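For reference, the structure discussed in these notes is given below.
The values are calculated or read from the model by the stated rules, or taken from the named source; none is laboratory data. All figures in this text were calculated on a predicted structure; none of them were measured in a lab. Here the Cβ is made from the backbone with ideal geometry for all residues, glycine too, and neighbour counts use every protein chain on show. In case anyone asks, the SASA skips ligands and DNA or RNA and just uses the protein heavy atoms, side chains included. Shrake-Rupley method; radii C 1.70, N 1.55, O 1.52, S 1.80 Å.
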Amino acid sequence: MTKIVVVEDEKPIAKLLKYNLERNGYIVLVAYDGEQGLSLIKESKPDLILLDLMLPKIDGIELCKMVRRESSTPMIMLTAKKDETDRVLGLELGADDYVTKPFSVKELLARVKTVLRRSSENLNSKKSFHLGDLTVDLERYEVKRGHKEVALSPKEFEFLKVLLLSDGKVLTRENLLESLWKYDQASEMDTRTIDQHIARLRNKLGKEGRTIHTVKNVGYRLKI
Ligand code: CA
């Protein structure tokens, strides 16, 4: 399910957004000021953020900056027509698109769809990642520290790949079992196998192994 965080202090607009997005099958969480928005984004790891510019406590521009320091979650800004300077600044700071108030719900939904599609295409076409001092090349199945290769087994590499592509989301042991083993094999596997693979992977990654966090009783997430 696609999760969207709406940060908007004008309650009628927030309500309108929530109602229409939910009708279109999205899970919607709403925050009414920047501070609440920031913690909601950190906690819930949304797939998309709808961000009003003029917000109490932390304004939209500042919030945009803070989010971009930690993640590449797609963001659409909601701006008033007169906020042109802020809109440009927002796009420079990494917002993906903007919608000018008053907006039509239909237009907003179209933007949401486009930005989500673009972001999933980007993630799927990304071929290499940086993890601390390591470079991970997904096409060559190669992990390098500088010029030195870190030898991983194919399974360990698959684990790393799934973690990298999850964009910071928590992966449950069941998720990992299903993505890494075929169904008929997976049903006979024990989730403890996952823990053993992760332990070996962490070990081999050295200090970057610490970016793989255990979420107690649930699974794992990569925190870069
Ligand atoms: Ca506002």
Computed helical MRE - 222 nm, the chain, DSSP H runs ≥ 4 contributing -39500 (n - 2.57), nearest 500: -14500 deg cm²/dmol
Range of Cα positions in the chain per principal axis (Å), largest first: 55, 39, 29
Prolate/oblate/rounded call for segment 3-125, Cα gyration tensor, a/c under 1.5 rounded: rounded
Shape call, segment 126-187: gyration tensor on alpha carbons, a/c limit 1.5: prolate
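Could you tell me what percent of the accessible area of segment 1-53 is made up of carbon and sulfur, with a 1.4 Å probe and every protein chain present? It would help to have the intermediate numbers written out before the result.
Details: 1280 of 2520 Å².
Taking all protein chains in place, segment 1-53 shows 51 percent carbon and sulfur surface.
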Whole-angstrom gap from segment 68-88 to segment 128-206, using each part's C-alpha centre: 34
Solvent-accessible area per residue, Å², over the chain with all protein chains present [probe radius 1.4 Å]: 57
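Write down the percent of antiparallel bridges among all DSSP beta bridges whose residues are both part of segment 51-135, to the nearest 5.
20
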Under 28 Å, Cα to Cα: Lys pairs in segment 128-222, sequence gap 8 or more or different chains: 26
Whichever lysines have a C-alpha closer than 27 Å to that of K82, once near sequence neighbours (fewer than 8 apart) are set aside: K11, K15, K18, K57, K65, K101, K106, K113
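So in the chain, what percent of DSSP beta bridges are antiparallel if you round to the nearest 5?
Numbers: 16 of 34 bridges.
Percent antiparallel among DSSP bridges in the chain is about 45.
For K82 and L16, what does the FRET efficiency come to when R0 = 25 Å and r is the distance between their Cβ atoms, rounded to the nearest 0.05? Mind showing how you got there, number by number?
Working: r = 21 Å, r/R0 = 0.84.
The computed FRET efficiency comes out at 0.75.
Determine, from the Cβ-Cβ distance of R192 and K3 and an R0 of 35 Å, the FRET efficiency 1/(1 + (r/R0)^6), rounded to the nearest 0.05.
It comes to 0.75.
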